[in-house]
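Report on the structure given below.
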Amino acid sequence: MKYTVWKNEEAYRNSPVPVVYLHSFRGNGEDVWKACHGLNDCPPMVLVSVNNPGKGLDDELSPWPAEGVWKGQSPYKGLAAEHLRWMMEECVPQMETQFGIRDILPVIAGYSLAGLFALWAAWSSGYFRRVASVSGSLWYPGFTDYIRDNAPKAGLREGTSLGKAYFSLGDRESRTRHPLMSRVDACTAEVVERVRSYGIETTFEWNPGNHFDHPELRMARALAWLLR
C-alpha cells in the first residue's frame with residue numbers, strides 16, 4: 001500500500017492545515033488536487049492519496065464480505081478493518097509527524113466504494129472529524145443496517161468527534177436494472193437522515209449525470225464544503 005502527498009508549500013508554511021485522506025477513484029489524486037485549486041472557495045489542505053499499485057482496492061474498502069455485483073466479479077473480501085488498521089498504525093502517524101497536524105482536524109473522503117469506506121472508517125474509528133462520501137456505494141449489502149444499528153464511535157481524543165459529513169449522488173445513478181445499485185438513492189437518503197440524527201452537520205447534494213461523470217470535480221466540491 002502506498003500514498004502520494006499533495007501540498008502547497010507556501011500555504012502550509014503560514015500555518016498548519018487539515019490533512020485529507022483520499023482513496024482516489026482513479027489515478028494518484030493529482031486530478032482532485034487540480035480540481036480543488038480550480039475552485040475559488042477551496043481552503044488549503046494537505047491531500048494524501050492512498051492507492052494500491054497494480055491492484056484495485058475493492059477488498060480493502062469493503063467492510064465485510066459480500067458477493068460481487070458484476071457478472072464474473074469475485075466476492076468482496078471485506079478487509080476494511082485491516083486496511084483501516086494500516087492507516088491508523090502507519091499512514092496517519094507518519095502524516096501527523098511529518099506535518100505536525102496532531103491537533104488539526106483530520107478528514108477522510110472517497111468516491112464510489114471508497115465513499116462507503118470513508119463513512120465506515122469515520123463511523124467506526126473515532127479519529128476522523130469530517131467525512132465525504134461522494135457517489136458512495138451505500139447500496140452495499142448490510143450498510144444501511146450498520147449505520148442504523150451503530151452509533152458513531154466517540155472521539156479518540158478529548159473534545160473530538162465526527163462533526164461534518166458530505167454526501168452527493170449523480171441524478172442518474174439509480175437508473176440501472178441492477179437490483180442493488182438501483183437502490184442507491186434510497187440507501188443514501190436513509191444514511192443521511194441517520195447521520196443528521198446525531199447532530200452532525202450534514203449536507204446532501206445532487207449532481208447532473210451518472211456515476212462516472214466528473215468525479216474529480218464532485219470530490220473537489222465536497223472537500224471545499226467540508227473544509228470551510
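The values are calculated or read from the model by the stated rules, or taken from the named source; none is laboratory data. No experiment lies behind these values; they were computed from the predicted model shown. Glycine also receives a Cβ, built like all others from the backbone with ideal geometry; neighbour counts cover every protein chain displayed. Each accessible area value is taken on the protein alone, full model and side chains, heavy atoms only, with ligands, DNA and RNA left out. Shrake-Rupley method; radii C 1.70, N 1.55, O 1.52, S 1.80 Å.
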Gain upon complete extension [Ala81, Ala186; 0.36 nm per residue less C-alpha separation]: 35.2 nm
How large, in percent, is the carbon and sulfur part of the accessible surface of the chain at a probe radius of 1.4 Å? 48 percent
Under 20 Å from a label point 7 Å along Cα→Cβ of Ala151: give me every residue in the stretch 186-200 with its amide N that close. 191-200
Shape of the stretch 135-228 from its Cα gyration tensor (a ≥ b ≥ c, root eigenvalues): rounded if a/c is under 1.5, otherwise prolate when a/b > b/c, or oblate? oblate
Can you list the DSSP H helices in the chain whose Cα atoms extend at least 15 Å along the helix axis and whose mean Kyte-Doolittle hydropathy is 0.5 or higher? 113-125, 215-227
From DSSP H assignment alone, runs of 4+ in the chain each adding -39500 (n - 2.57), the sum over residues rounded to the nearest 500 puts [θ] at 222 nm at -9500 deg cm²/dmol
Pick from Val19, Val92, Val69: which is most flexible by mean-square fluctuation in a GNM of the chain where alpha carbon atoms under 10 Å apart are linked? Val69
When only C-alpha pairs under 8 Å and at least 6 residues apart count, what is the relative contact order of the chain, in percent? 20 percent
R0 of 25 Å, Cβ-Cβ distance Ser161-Met88: FRET efficiency to nearest 0.05: 0.90
Which length gain, in nm to one decimal place, applies between Trp64 and Glu193 when the Cα-Cα distance is subtracted from 0.36 nm times their residue separation? 44.1 nm
Could you give the accessible area per residue of the chain, probe 1.4 Å, as a whole number in Å²? 47 Å²
Show me 185-198, 20-33 ranked by packing, highest mean number of other Cβ atoms within 10 Å first. 20-33, 185-198
Which of Arg129, Arg177, Arg85 ends up with the largest GNM mean-square fluctuation for the chain, with Cα atoms connected below 10 Å? Arg177
Å³ per residue enclosed by the Cα convex hull of the stretch 73-175: 121 Å³
For Gln73 paired with Asn8, estimate the spin-label separation in nm (one decimal), with each label point 7 Å from Cα along the Cα-to-Cβ line. 3.7 nm
Quick shape check on the stretch 13-99: root eigenvalues a ≥ b ≥ c of the Cα gyration tensor, a/c under 1.5 is rounded, otherwise prolate if a/b tops b/c, else oblate, and it reads oblate
Looks like the chain, by Cα gyration tensor root eigenvalues a ≥ b ≥ c and the a/c under 1.5 rounded cutoff (else prolate when a/b is bigger than b/c, oblate otherwise), is rounded
Return the FRET efficiency for the residue pair His178, Trp206: r is the Cβ-Cβ distance, R0 is 22 Å, and the value is rounded to the nearest 0.05. 0.65
Once you've got the GNM for the chain with C-alpha springs shorter than 10 Å, pick whichever of Ala151, Ala80, Ala114 has the biggest mean-square fluctuation. Ala151
If you find the alpha carbon centre of the stretch 193-218 and of the stretch 34-76, how far apart are they in angstrom? 16 Å
